[in-house]
């Protein structure tokens, strides 16, 4: 079955999912929230469920109290250059394999998972765990340890609960070189191709496409980001409907440009 996109896509936020905490069952909460929607939203074969990485991180307990972090000399030096908290910089370095760019208020790194982003994707908003001791913190939230595995587990649980064959994307908000503003991107993928290779197809004028490979998972994540929001909206899960694809083994790693082909690093 080839990949296809219908002329009409539906993108729906799922209301009613609370701020998660370590150990919460994201799949069960999603199914419960879907059952409470009016009109009711049921998951259908071919739907792609897009969940914010922050929700996954909170459920997986990826909280860190900066008061417990001791900065290394390398982190302290980089903190002076970037005017960032040295403990925060220490965590960024622990989550990274290399620094791409550093300047005042800017720290762009190659994450241990392969993608390049600011601050290793470490989040400082909505990062405090429920029940945190008074006076603790400031708190930050790391990206999921293994987002592809998180997506696969959520896909499996949602499929068992609903009987539907789904795709799942764990999304985060990234900035982009030479462009202002952040967009949703896929950091975890399960059940759908990450890339849509259109090479060999022809355009309207009959010319054969030679280089067209679409970042399908990133496009779906960006579409979901429009309804999920990035602040206090509280919409951690969205559904994208209208794609046709062969259920497969795409991963977020498929989307990362290899370091030896990164001409800007």
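Scanning the range 107-129 finds one or more residues that are farther than 30 Å from residue 245 by Cα, assigned to a strand (DSSP E or B), out of contact with any strand residue (DSSP E or B) (no Cβ under 6 Å at 6 or more places or on another chain) and not assigned by TED's automatic domain parsing to the domain that holds residue 234.
Condition check for residue 54 on (1) closer than 19 Å to residue 189 by Cα; (2) touching a helix residue (DSSP H, G or I) at 6+ places or on another chain (Cβ under 8 Å); (3) assigned to a helix (DSSP H, G or I): one failure, at (2). Give the residues of the range 24-51 that are assigned to a helix (DSSP H, G or I) and surrounded by 19 or more Cβ atoms within 10 Å (Cβ to Cβ), sorted by residue number. Hits for the range 24-51 are 26, 27, 29, 30, 34. For the range 133-157, a residue qualifies if it is in a helix (DSSP H, G or I) and touching a strand residue (DSSP E or B) at 6+ places or on another chain (Cβ under 9 Å), and the qualifying residues are 147, 148, 149, 150, 151, 152, 153, 154, 155, 156.
If you check 254, 218, 260, 172 for being at pLDDT 85 or above and either out of contact with any strand residue (DSSP E or B) (no Cβ under 6 Å at 6 or more places or on another chain) or not assigned by TED's automatic domain parsing to the domain that holds residue 49 (or both), only one passes: 254. Under the condition of being out of contact with any helix residue (DSSP H, G or I) (no Cβ under 9 Å at 6 or more places or on another chain), in contact (Cβ under 8 Å) with a residue 40 or more places away in the chain and under 15 Å from residue 223 (Cβ atoms), the residues counted in the range 6-45 number 3. Got at least one residue in the range 158-168 being more than 25 Å from residue 34 (Cβ to Cβ), in a loop (DSSP other than H, G, I, E, B) and either modelled with pLDDT of 90 or more or under 20 Å from the mean Cα position of the chain (by Cα) (or both)? Checked the range 158-168: no residue is more than 25 Å from residue 34 (Cβ to Cβ), in a loop (DSSP other than H, G, I, E, B) and either modelled with pLDDT of 90 or more or under 20 Å from the mean Cα position of the chain (by Cα) (or both).
The set of residues from the range 194-215 being touching a strand residue (DSSP E or B) at 6+ places or on another chain (Cβ under 6 Å) and either outside the structural domain of residue 252 (by TED's automatic domain parsing) or surrounded by fewer than 13 Cβ atoms within 10 Å (Cβ to Cβ) (or both) comprises 202, 208, 213. Just one of the numbered conditions (1) crowded, with 19+ Cβ neighbours inside 10 Å; (2) within 17 Å of residue 145 (Cβ to Cβ); (3) out of contact with any helix residue (DSSP H, G or I) (no Cβ under 9 Å at 6 or more places or on another chain) is not true of residue 61: (1). Does residue 24 satisfy the criteria of being within 22 Å of residue 127 (Cβ to Cβ), over 18 Å from the mean Cα position of the chain (by Cα) and assigned by TED's automatic domain parsing to the domain that holds residue 201? Considered against the rule, which asks whether it is within 22 Å of residue 127 (Cβ to Cβ), over 18 Å from the mean Cα position of the chain (by Cα) and assigned by TED's automatic domain parsing to the domain that holds residue 201, residue 24 comes out as yes. When residue 97 is tested against (1) in contact with a strand residue (DSSP E or B) (Cβ under 7 Å, 6 or more places away or on another chain); (2) in a helix (DSSP H, G or I); (3) loosely packed, with under 15 Cβ neighbours inside 10 Å, only condition (2) is not met.
Restricting attention to the range 182-193, the residues being touching a strand residue (DSSP E or B) at 6+ places or on another chain (Cβ under 8 Å), farther than 14 Å from residue 147 by Cα and assigned to a loop (DSSP other than H, G, I, E, B) number 1.
The values are calculated or read from the model by the stated rules, or taken from the named source; none is laboratory data. Note that the structure is predicted; figures quoted are calculated from it, not measured. Cβ atoms come from the backbone with ideal geometry, glycine included; neighbour counts cover every protein chain shown.
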